[in-house]
Amino acid sequence: MPGLFDARPAAVWDLNSLLAALDPRAPRAERNLWLVRLLEWLRRSPVSPKPAEGSAPAAVPPGTPRPVLKLRHLLNLLDREPEYRARLVELLARTLVDMDATLLLADFGFASHRAFFSEVLERLQRKLLPGTPDTEDWSELFQLMFSDANDAQWLQAIDDETLDRLAALLREAVAASRHPKAAESWRTALLDATVMCLTQARALAFSADVRIRLAGAARALVPFHQLLRAFQSVRQELEAAPPRPEALGPALRYFHTVLDACRRDADTVYDTLEDTGISVNIVFAVQQLQARLDRAQQLLDSLLSEAPARAVRDLVVQLAHTAERRRSVRALVARNYSLLARKMAERNAETGEHYITRNRREYLQMVWRAAGGGAVTTVTVFLKFLIGLMGLSGFFAGMAAGLNYAISFVAIQLAHFTLATKQPAMTAPAMAHKLGDLGRDEAVEDFVDEVSHLIRTQVAGIVGNVSVVLPCALAVQWGWSLVFGAPLIGVDQARYAVDSLSALGWTPVYAAATGVLLFASSLIAGWAENWFVLHRLGSALRWNPRIVARLGAHRAARWSAWLQAHVSGLAGNVSLGLMLGLVPAVAHFFGIGFDVRHVTLASGQLGVALGAIGWELLSTPGFWLAVTGIALTGVLNVTVSFLLAFRLALRARNIRLKDRGRIHAAVWARLRQRPWSFLWPPRDPAAS
């Protein structure tokens, strides 16, 4: 007979060997380990369950999961082998007496700390450190027993007949436990667990981070004051002897009313996040509050269900789902950062609205603003060459280039000009913001209109930037030659610039990577504005006594309003500039060849090269390869940054894959039918 700690993997254990190793009087750790082995056999054993000799095989619905089939086989074998059944009943009886289910029902799946990052650390420890079956806590044993991602699926598939047979087995275990109130102990555990859930939810609602963000009358927390009192009335009627159904009904209705009011009040936190700012700890606390209210509802429903076997099955399924989520750090991060991503996308959406043109007048204004951005970039291009001639070490050369870019981008912002490639990462969230109702075809068409507006805007921005920066760079070279007898940037640097821009080299890869940096800068912009609002820095600048005393009330108010309006742009522009300068330096430090390719800067470099070499450059293949490279750079800068930002916005708004397919089909249909609508606005704005 094999021992319980047989070295063979559980997948090769057969059921007879498992039942032969069952010892209901073994120490608690060995009994718990046997239950873990049993679940592993249900999931993984390759042995096919066979019907009893002489009996017809039971009708099996198609698609029944293999663990359910094997569970039926186990119950059939227990019916044929009374000795095995008696030993299993005794083991279950001892387990019911020794183990405390209250913590499993009340706390399983919830963080022991209220901080998001503390929960991340706890999950990492749980993934790295092994568990032990030597425990009195059902929560720890439950995680060992249901350790597979598919456990919830096959548990949900258990049919009613099998559920009734399992319930009969558990009733035998309760009867055999010799505990004076074994049956009542489970009801008490459910009631105590409900109280624990409601108490924790109430504590979270009263915490400073949540309460200050409740909206309007919800801040008074009236339903949370009544929550425990309402449940105690229900519990009193449930424990009354004799039962009083006429009193239980009103108590239940009142409790459900209070519980729904608590949920509504908790939801108001999300409505205030636009004004108060958002952090993962706040989102985490609100989600924990709502989840505890839902758990309390589920526990009470299980207790009052007319089909207790199904109710217990559904509860175990929910706990199995929870066990799987608790093993995943990624799921925790994704769930808690989804709302943060949405709020950041919505903040970028407000900014991005200013970058979308919808009629011919706005289109021409965008060309004019982009032309101003191209003029400022001319200075940036020459400073880039001069920094390269200084012979600085890698880090300091990158820092100098980054500061050059950052100052230039901030100057463009303050002058109310625009840089074409900054637009897509900001406008993508604004477009995703339009996807509120995709159930209507009109909504999809409206979104396609936004796509055409956006692409036209990008065309206007790039045309405005390039049409000014290239001739301005050429004019500076010619003017410098007329005054000093030689161009500002020499022929050698010019030839190197032309060669580096060739479409046959690494330019497409560098341009796509630069699009990633453009997207990253938009994230930093959204994060910075959220951080500014979260910490109420605008209000502090406006009202802090020391600041007001130093600046004066009028100046403090003006500075506060200016920073609130421009903090997102400043953060995005400074971060983009520093990344464009420092990322290549860091990459070279690790031996990775990388350079930035920005369509406006590249166009200026080509103008500098044309001014240094002369018109004969036009007759060389290298010039036209560089022109092609610049065109690719513009397309990749815009496309990569837009797609990344748009993908984030879609995920933040939970747009389904089916709806994404409808969007793509509608865009391609418009492109085939009216291609010019993506390049030039119609004369009548209503026609767009």
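The values are calculated or read from the model by the stated rules, or taken from the named source; none is laboratory data. Just so it is clear, the structure is predicted and the values come from calculations on it, not from any experiment. Neighbour counts are summed over all protein chains in view; Cβ atoms, including those assigned to glycine, are modelled from backbone coordinates with ideal geometry.
Quick test of your reading of the structure: A208 fulfils all but one of (1) crowded, with 18+ Cβ neighbours inside 10 Å; (2) modelled with pLDDT under 90. Name the failing condition by number.
(1)
Under the condition of being assigned to a helix (DSSP H, G or I) and touching a helix residue (DSSP H, G or I) at 6+ places or on another chain (Cβ under 7 Å), which residue from segment 356-367 is surrounded by the fewest Cβ atoms within 10 Å (Cβ to Cβ)?
Checking each candidate, the answer is Y363.
Taking only pairs six or more apart or across chains, which ones have beta-carbon atoms under 6 Å, a first residue in segment 401-417 that is modelled with pLDDT of 95 or more, and a second residue that is assigned to a helix (DSSP H, G or I) and aromatic (F, W, Y)?
none
Do the conditions hold for S603, that is, is it closer than 23 Å to I412 by Cβ and of a type in the set (S, T, Y)?
Yes: the conditions hold for S603.
Among the residues of segment 529-542, write down those that are of a type in the set (A, V, I, L, M) and either in contact with a strand residue (DSSP E or B) (Cβ under 8 Å, 6 or more places away or on another chain) or surrounded by fewer than 20 Cβ atoms within 10 Å (Cβ to Cβ) (or both). Let's see the steps before the verdict.
In the first step, residues of segment 529-542 are kept if they are of a type in the set (A, V, I, L, M); the result is 533-534, 537, 540-541.
If the condition is that a residue be of a type in the set (A, V, I, L, M) and either in contact with a strand residue (DSSP E or B) (Cβ under 8 Å, 6 or more places away or on another chain) or surrounded by fewer than 20 Cβ atoms within 10 Å (Cβ to Cβ) (or both), then L534, L537, A540 are the ones that fit.
Take R235 and tell me if it is more than 30 Å from W531 (Cα to Cα) and either surrounded by fewer than 13 Cβ atoms within 10 Å (Cβ to Cβ) or touching a residue at least 12 places away in the same chain (Cβ under 8 Å) (or both).
Against the criterion (more than 30 Å from W531 (Cα to Cα) and either surrounded by fewer than 13 Cβ atoms within 10 Å (Cβ to Cβ) or touching a residue at least 12 places away in the same chain (Cβ under 8 Å) (or both)), R235 qualifies.
Of (1) more than 40 Å from the chain's Cα centre (by Cα); (2) assigned by TED's automatic domain parsing to the domain that holds W624; (3) in a helix (DSSP H, G or I), P487 satisfies all except one. Which?
With (1) more than 40 Å from the chain's Cα centre (by Cα); (2) assigned by TED's automatic domain parsing to the domain that holds W624; (3) in a helix (DSSP H, G or I) applied to P487, the lone miss is (3).
Scan segment 304-311 and give yes if some residue there is surrounded by 17 or more Cβ atoms within 10 Å (Cβ to Cβ) and free of Cβ contacts under 8 Å to residues at least 24 places away in the same chain, otherwise no.
Yes, that holds for at least one residue.
How about segment 584-685: which helices (runs of 4 or more DSSP H) wholly inside it have at least 3 residues that are modelled with pLDDT of 90 or more and over 25 Å from G515 (Cβ atoms)?
599-613
For segment 505-519, does any single residue satisfy the condition of being more than 30 Å from the chain's Cα centre (by Cα), assigned by TED's automatic domain parsing to the domain that holds D595, surrounded by fewer than 16 Cβ atoms within 10 Å (Cβ to Cβ) and not acidic (D, E)?
Within segment 505-519, the first condition is being more than 30 Å from the chain's Cα centre (by Cα), and the residues that meet it are 505-507.
In the following step, the residues that additionally are assigned by TED's automatic domain parsing to the domain that holds D595 were identified as 505-507.
Checking the rest, the ones that are also surrounded by fewer than 16 Cβ atoms within 10 Å (Cβ to Cβ) come to 505-506.
Checking the rest, the ones that are also not acidic (D, E) come to 505-506.
Yes, segment 505-519 contains a residue that is more than 30 Å from the chain's Cα centre (by Cα), assigned by TED's automatic domain parsing to the domain that holds D595, surrounded by fewer than 16 Cβ atoms within 10 Å (Cβ to Cβ) and not acidic (D, E).
Being crowded, with 16+ Cβ neighbours inside 10 Å, closer than 26 Å to V466 by Cα and among the basic types (K, R) is the requirement here; does R597 meet it?
Criteria met by R597.
Return a yes/no flag: does segment 252-273 have any residue that is under 23 Å from the mean Cα position of the chain (by Cα), buried (at least 18 other Cβ atoms within 10 Å of the Cβ) and assigned to a loop (DSSP other than H, G, I, E, B).
Looking through segment 252-273, none of the residues is under 23 Å from the mean Cα position of the chain (by Cα), buried (at least 18 other Cβ atoms within 10 Å of the Cβ) and assigned to a loop (DSSP other than H, G, I, E, B).
Of the numbered conditions (1) in contact (Cβ under 8 Å) with a residue 24 or more places away in the chain; (2) in a helix (DSSP H, G or I); (3) small (G, A, S), S502 fails exactly one; give the number of that condition.
(2)
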